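Bear in mind these aren't lab numbers, they're just calculated from the coordinates by the rules spelled out. What you see is a predicted model, and the numbers here were worked out from it, not measured in a lab. Here Cβ is always computed from backbone atoms with ideal geometry, including for glycine, and neighbour counts include all displayed protein chains.
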Amino acid sequence: MKIPIEGGCLCGAVRYRLHDAPKQLSDCHCIDCRRASAAPYVTWGSCRQDKIEIVSGELRKVRYANRIRSFAACCSTPLFFQENDESEWIDITIASLDHPEPFQPEVAIWTEDKLPWVSIVPMRRVFPQGRQ
């Protein structure tokens, strides 16, 4: 895998670069992720904050449920998720990477909120809430 890894928003105004590969890849089925993305679940990967570089564009940060979600200010693409402003680790939406193919999720989390018509890959570890 070639580092840096690049990604961005739908319209291309926000571009970012990861200087390390995302870790702890997971499909999150929680209701907040579903509503924030308008999708049945979101695939996330975690990167240290100091390994994420915003190359262009502006983020719009939304504080909700004592956490921060960052969207592209231009087109509202969901990009990042973090516990607080000082978080060492930030989650990145894997689908916003230019080449998300190598980053297959390892687990499914918050499956207690999973929509009944969503199937989970049988060999994937499942957690009713967050990773234990």
Next on the checklist: List the residue pairs whose Cβ atoms are under 6 Å apart, where the first residue sits in the stretch 56-77 and is closer than 18 Å to GLY7 by Cβ and in contact (Cβ under 8 Å) with a residue 12 or more places away in the chain, the second is assigned to a strand (DSSP E or B) and of a type in the set (Val, Ile, Thr), and the two are 6 or more positions apart or on different chains.
Outcome noted: ARG69/VAL62
Checklist entry - Which condition number does VAL55 fail, the rest of (1) under 23 Å from GLU101 (Cβ atoms); (2) touching a helix residue (DSSP H, G or I) at 6+ places or on another chain (Cβ under 6 Å); (3) among the β-branched types (Val, Ile, Thr) being met? => result (2)
Next on the checklist: For the stretch 112-126, give me each residue that is surrounded by fewer than 16 Cβ atoms within 10 Å (Cβ to Cβ) and of a type outside the set (A, V, I, L, M).
Outcome noted: GLU112, PRO116, TRP117, SER119, PRO122, ARG124, ARG125
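For (1) at positive phi; (2) over 14 Å from the mean Cα position of the chain (by Cα), each residue gets a yes or a no:
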| position | (1), (2) |
| --- | --- |
| PRO4 | no, yes |
| ARG15 | no, yes |
| GLU53 | no, yes |
| GLY57 | yes, yes |
| VAL62 | no, yes |
| CYS75 | no, yes |
| GLN82 | no, no |
Checklist outcome for this item: Pairs returned, first residue in the stretch 89-100 that is over 14 Å from ALA72 (Cα atoms), second residue that is in a loop (DSSP other than H, G, I, E, B), beta-carbon separation under 7 angstrom, 6 or more apart or interchain, are ILE94/PRO22; ILE94/PRO100; ILE94/PHE103
Item to check | Filtered residues of the stretch 1-22 (kept if touching a Cys at 6+ places or on another chain (Cβ under 7 Å) and not β-branched (Val, Ile, Thr)) | outcome: CYS9, LEU10, CYS11, ALA13, LEU18, ASP20, PRO22
